[in-house]
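First up is the structure itself, then whatever we jot down about it.
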Amino acid sequence: MATGDPVPVEARIVERAQRGDQVAFATIYNAFQQRIAGYLYRMVQDSEVAADLTQDVFIRAYRAIGQTKPDLNLKAWLFAIATNAALSHHRRRRLIQWLPLDPVVEGTPTAGPEECVTARAELREALAALPREQAACFLLWAREGFTYEEIGSMLGISPGTAKTRSYRARLALARALRTNEEGT
């Protein structure tokens with residue numbers, strides 16, 4: 001970006017895409033496709049479905065970007081479309097399966113591959129047991145780094161509701177993982 005340029009590069013690209021510039025939209029696609037695909041994969045736990053949903057998200061975004069506000073928060077808007085696509089998929093399929101966050105293993109020398117696989121499976125089971133709305137809020141907050149205000153705006157709920165759902169998801173995950181730990 002040029003020195004003294006008051007308009008960030010992303011805002012200029014969004015403006016161009018809103019005017020129908022296909023190259024600008026391709027830039028948006030290239031910048032966000034992998035993150036959206038990864039998020040959708042964690043939501044639906046099926047790589048082919050996630051790929052299809054990712055394509056749908058960007059088709060919807062391409063068709064709708066011309067009708068968006070000039071001050072569009074691009075990242076939040078794309079993740080809102082992705083969240084709605086995943087939740088619609090679950091409603092259509094009546095699936096309640098979620099892929100967990102990547103396991104975080106502190107540098108303990110005793111944690112071998114077996115422990116990592118077990119921890120990942122336990123987390124997957126705990127996430128699968130959550131209500132979809134709680135899991136979506138939790139993943140958007142913990143994994144994607146959105147604020148509660150952004151999550152609320154994306155999902156059409158208040159920031160307080162987004163915070164409550166995320167908090168309840170964290171409590172349920174902690175309880176489930178503690179129960180599994182005590183059972184072993």
Condition broken by residue 42, with the remaining ones in (1) free of Cβ contacts under 8 Å to residues at least 40 places away in the same chain; (2) basic (Lys, Arg); (3) in a helix (DSSP H, G or I) satisfied: (1)
Breaking point among (1) within 21 Å of residue 140 (Cβ to Cβ); (2) in a helix (DSSP H, G or I), for residue 71: (2)
Residue count for region 141-161, restricted to those that are touching an Asp or Glu at 6+ places or on another chain (Cβ under 8 Å) and aliphatic (A, V, I, L, M): 1
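Going by the structure shown, is residue 150 more than 14 Å from the chain's Cα centre (by Cα), of a type in the set (D, E, K, R) and either farther than 26 Å from residue 50 by Cα or modelled with pLDDT of 60 or more (or both)?
Details: more than 14 Å from the chain's Cα centre (by Cα): no; of a type in the set (D, E, K, R): yes; either farther than 26 Å from residue 50 by Cα or modelled with pLDDT of 60 or more (or both): yes.
It is false that residue 150 is more than 14 Å from the chain's Cα centre (by Cα), of a type in the set (D, E, K, R) and either farther than 26 Å from residue 50 by Cα or modelled with pLDDT of 60 or more (or both).
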Filter result (of a type in the set (Phe, Trp, Tyr), surrounded by 16 or more Cβ atoms within 10 Å (Cβ to Cβ) and part of a helix (DSSP H, G or I)) within region 125-170: 138, 141, 148
Lone qualifier among 145, 112 - being out of contact with any helix residue (DSSP H, G or I) (no Cβ under 9 Å at 6 or more places or on another chain) and modelled with pLDDT of 75 or more: 145
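Going by the structure shown, is residue 49 within 25 Å of residue 162 (Cα to Cα), in contact (Cβ under 8 Å) with a residue 24 or more places away in the chain and among the hydrophobic types (A, V, I, L, M, F, W, C)?
No.
Considering region 57-73 alone, what residues qualify as being surrounded by 15 or more Cβ atoms within 10 Å (Cβ to Cβ) and either out of contact with any Phe, Trp or Tyr (no Cβ under 8 Å at 6 or more places or on another chain) or without any contact (Cβ under 8 Å) to a residue 12 or more places away in the chain (or both)? Walk me through it before giving the result.
Of all residues in region 57-73, those surrounded by 15 or more Cβ atoms within 10 Å (Cβ to Cβ) come to 57-58, 60-62, 65, 68, 72-73.
Result: 57, 60, 72, 73.
The values are calculated or read from the model by the stated rules, or taken from the named source; none is laboratory data. As the structure is a computational prediction, the values presented were derived from the model and not from experiment. Reconstructed Cβ throughout: ideal geometry from the backbone, glycine too, with neighbour counts over all protein chains shown.
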